[in-house]
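The values are calculated or read from the model by the stated rules, or taken from the named source; none is laboratory data. Note that the structure is a prediction, hence the values are computed from the model and not measured. When we count neighbours, we look across all protein chains shown, and the Cβ atoms used for this are built from the backbone with ideal geometry, even at glycine.
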């Protein structure tokens, strides 16, 4: 008698590995491995979440109307074209479930976010990896990989773990060149860290097959609550909404999200402080002979001479209670991804890298 079998692609999934948070034998660690906001969420978001605790016996609303209205108000978007999810990961999953299936192809980039191949396998599709150019998404490589089986293209912009990005003109060129039955996904998890960048709104507005996703986990400091959203033309949002569980967000999540997105002054403070320390850390690492690409995010990708040197530096940082992210799984074994922490954390990691490099010369 035959046993039960999972759907095609599921057993090909390589499980996502999050950033480490512990070092054996070390109590007080500095975690710079998960791109978290070192300042935490807005105090107004904490207050709103606390108040929501008094209504835990009530079901949340199912249409996310107030949260969508707040997102629309702050970002100048039509709330009816916004869908909310349990982190932007859930919105990305809606897209994969809606538009790809067994035998289809999903284009991902060489150093792209590791969830994209997982989503492809989840629906039985085939991830097709295209090369990047010096750790930057290559639009021509993507277009060259499109076949009649292509259904989705995933781009993180700015990228993770590369920290680089492509301009809106290139995004528009890609969207205009893709066949109409291919959905372009612009994952903007780090878009808020880029001054003057809206994540690709004009590209979404111009094309019915483009969706932009965002998260509350990064600049808003709400990674522990898992809140995300997507913006597309109304027809696509109508399709995705049919896949969404009615109570996928709790009342507490929505209350905190509304308060966080509306506290524009706090968000701007976090953006400015991140930019200040991002530039400082990149310069400090460069002085120690460790270059980084110009970062547009809340982390830098530090490049070493070899995978062996990167591993050795990672071990040295751990011995000093500092946790960063190794990127071998992203085909960048000679690099370490370092989250921009507060000033004290950035100075600690720069000092430790300097110590490491001095001992090797």
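Going by the structure shown, is residue 73 within 25 Å of residue 247 (Cβ to Cβ), over 19 Å from the mean Cα position of the chain (by Cα), in a helix (DSSP H, G or I) and touching a residue at least 60 places away in the same chain (Cβ under 8 Å)?
It is true that residue 73 is within 25 Å of residue 247 (Cβ to Cβ), over 19 Å from the mean Cα position of the chain (by Cα), in a helix (DSSP H, G or I) and touching a residue at least 60 places away in the same chain (Cβ under 8 Å).
Taking the stretch 193-215 on its own, how many of its residues are touching a strand residue (DSSP E or B) at 6+ places or on another chain (Cβ under 9 Å), touching a residue at least 60 places away in the same chain (Cβ under 8 Å) and not in a strand (DSSP E or B)?
Number satisfying all stated conditions: 2.
Just to check your reading of the model, which residue among 277, 254, 296 is within 19 Å of residue 192 (Cα to Cα), in contact (Cβ under 8 Å) with a residue 60 or more places away in the chain and assigned to a helix (DSSP H, G or I)?
The unique qualifying residue is 277.
Among the candidates 46, 23, which residue alone is touching a helix residue (DSSP H, G or I) at 6+ places or on another chain (Cβ under 7 Å) and either modelled with pLDDT of 95 or more or surrounded by 13 or more Cβ atoms within 10 Å (Cβ to Cβ) (or both)? Working first, answer last.
On the way: 46 fails: touching a helix residue (DSSP H, G or I) at 6+ places or on another chain (Cβ under 7 Å).
Just one listed residue meets the conditions, 23.
Where in the stretch 86-170 are the helices (runs of 4 or more DSSP H), entirely inside, with at least 1 residues that are outside the structural domain of residue 335 (by TED's automatic domain parsing), surrounded by fewer than 20 Cβ atoms within 10 Å (Cβ to Cβ) and free of Cβ contacts under 8 Å to residues at least 24 places away in the same chain? Steps first, answer last, please.
Working: elements: 87-99, 115-122, 139-145.
Because the criterion is at least 1 residues that are outside the structural domain of residue 335 (by TED's automatic domain parsing), surrounded by fewer than 20 Cβ atoms within 10 Å (Cβ to Cβ) and free of Cβ contacts under 8 Å to residues at least 24 places away in the same chain, the helices (runs of 4 or more DSSP H) in the stretch 86-170 that meet it are 139-145.
Considering only the stretch 330-346, how many residues are surrounded by fewer than 23 Cβ atoms within 10 Å (Cβ to Cβ), under 23 Å from residue 193 (Cβ atoms) and touching a residue at least 24 places away in the same chain (Cβ under 8 Å)?
Within the stretch 330-346, residues that are surrounded by fewer than 23 Cβ atoms within 10 Å (Cβ to Cβ), under 23 Å from residue 193 (Cβ atoms) and touching a residue at least 24 places away in the same chain (Cβ under 8 Å) number 5.
Name the residues in the stretch 171-192 that are outside any loop (DSSP other than H, G, I, E, B) and within 16 Å of residue 267 (Cα to Cα), would you?
Within the stretch 171-192, 191, 192 qualify.
Please verify whether the stretch 219-228 includes one or more residues that are at positive phi, in a loop (DSSP other than H, G, I, E, B) and surrounded by 20 or more Cβ atoms within 10 Å (Cβ to Cβ).
Looking for residues that are at positive phi, in a loop (DSSP other than H, G, I, E, B) and surrounded by 20 or more Cβ atoms within 10 Å (Cβ to Cβ), one finds at least one in the stretch 219-228, hence yes.
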